[in-house]
Amino acid sequence: MRRRRWPLLTVLAFGYAFLYVPILLLIIYSFNESRLVTVWTGFSTKWYVELFRNEQLLDAAWLSVRIAAVNATLAVVLGTLAANALVRHRNFRGRTGFELLLTAPLVMPDVIIGLSLLLLFVAMQETIGWPDGRGFTTITIAHVTFSMAYVAVVVRARLSQMDRSLEEAAMDLGARPLRVYLTITLPLIAPALLSGWLLAFTLSLDDLVIASFVAGPGSTTLPMVIYSSVRMGVSPQINALATIIVAVVTLAVVIAGISMRRGREAR
């Protein structure tokens, strides 16, 4: 049995190495003294100092974080409502079309989504005068458009597996539907809501194509700044920023994992 496991363990090790060794190298070279990101000349933290002096990069990062947070919150609300409609009301008129529209962003190319939303925003501005230009609002709307589809899939899967007898027992004891949903349903689907929020946040923070279509001159997101700087040569400041992002994401994942584990133990 041990001999049979070696090929599987070897493939698994190579797979994880392929994913995480580049990230580890990026973190190591963020402390490189040289301006060349591939030549190690000594340990230094000067690129972190330079990063915090780079107002363009920091403004873009702060804009991306704000957009991602608002997008994730709205996507969770809308995605949860859509998942509830699909799971709890199985025979309403127009269900097939609604489900098709909800899942279309999952398979539609980003170029098509970005171009169609750009044409929509331009037509709305000419017709009703809103949105006035392209920036935070248009990027957030564009991100919510495709992020809510991912959240709906996650929450729908959790609602489908939930034991409905708990809600029925609460209503038999006199609880109103809204109170049942707030005190019974939401705590049970909380892990799915948290997972959907983190997924929507990551998708928004990582988006480049759609944001490039719907962003204006004064609303450059972090992926757009990084992409434009990479074409002229990778700066060690990008490595420093990526290291900070990796640290924050790792901390968030650990906290989420601990919270979900405590929730399961409490139940």
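The values are calculated or read from the model by the stated rules, or taken from the named source; none is laboratory data. What you see is a predicted model; the values in this text were computed from it and never measured. Glycine also receives a Cβ, built like all others from the backbone with ideal geometry; neighbour counts cover every protein chain displayed. Heads up: the accessible areas ignore ligands, DNA and RNA and are worked out on the full protein's heavy atoms, side chains in. Shrake-Rupley method; radii C 1.70, N 1.55, O 1.52, S 1.80 Å.
Probing with 1.4 Å while keeping every protein chain in the model, the per residue accessible area of the chain equals 63 Å². Stretching L58 away from V209 to a fully extended chain increases their span by 52.3 nm, per 0.36 nm per residue minus the current alpha-carbon distance. Residues whose amide H comes within less than 5 Å of that of N32, counting only those at least five positions distant or on another chain, are S44 (H built at 1.01 Å from N in the peptide plane).
Nearest 20 debye, what's the magnitude of the dipole of the chain about its Cα centre given +1 on Lys and Arg Cβ and -1 on Asp and Glu Cβ?
Working: 23 positive and 15 negative charges, 235 e Å.
Roughly 1140 debye for the chain.
Panel note: the C-alpha atoms of the range 171-267, placed on their principal axes, show extents of 66, 30, 16 Å (largest first).
Given the choices (1) 21.2; (2) 13.7; (3) 22.0, mean projected area of the Cα convex hull in nm² derived from the coordinates of this structure is entry (1). For the pair the range 131-149 / the range 74-89, the C-alpha centres are spaced 19 Å from each other.
Based on DSSP H segments of at least four residues, each scored -39500 (n - 2.57), the chain has a per-residue ellipticity at 222 nm of -26000 deg cm²/dmol. When the solvent-accessible area of the chain is split by element, carbon and sulfur atoms take up 67 percent of it, the probe being 1.4 Å. Membrane-span-like helices in the chain, defined here as complete DSSP H runs extending at least 18 Å along the helix axis by their C-alpha atoms with mean Kyte-Doolittle hydropathy no lower than -0.5, are 2-29, 55-88, 95-107, 110-128, 136-161, 186-206, 236-266; this is a sequence and geometry rule, not a statement about a membrane. Between rounded, prolate and oblate, where does the range 104-162 land on the alpha carbon gyration tensor, with a ≥ b ≥ c its root eigenvalues, rounded for a/c under 1.5, else prolate if a/b exceeds b/c? In terms of gyration-tensor shape, prolate. In this calculation the C-beta distance from M162 to L115 is compared with R0 = 30 Å, giving a FRET efficiency of 0.20.
Report the extension gain between L194 and W6 in nm, rounded to one decimal, defined as 0.36 nm multiplied by the number of residues separating them, less their alpha carbon distance.
Difference between extended and current length: 64.0 nm.
Please go through the range 47-122 and write out the trypsin sites (Lys or Arg not before Pro) that DSSP classes as loop and that have at most 11 other C-beta atoms within 10 Å.
On the way: sites: R53, R66, R88, R90, R93, R95; in loops: R53, R90, R93.
Qualifying residues, ordered by number: R53, R90, R93.
Compute the longest continuous run of the chain that contains no exposed chymotrypsin sites (Phe, Trp or Tyr not before Pro); treat a site as exposed when its DSSP state is not H, G, I, E or B and it has at most 15 other Cβ atoms within 10 Å.
Details: sites that count: W40, F52, F92.
Between the exposed loop sites, the longest stretch runs 93-267.
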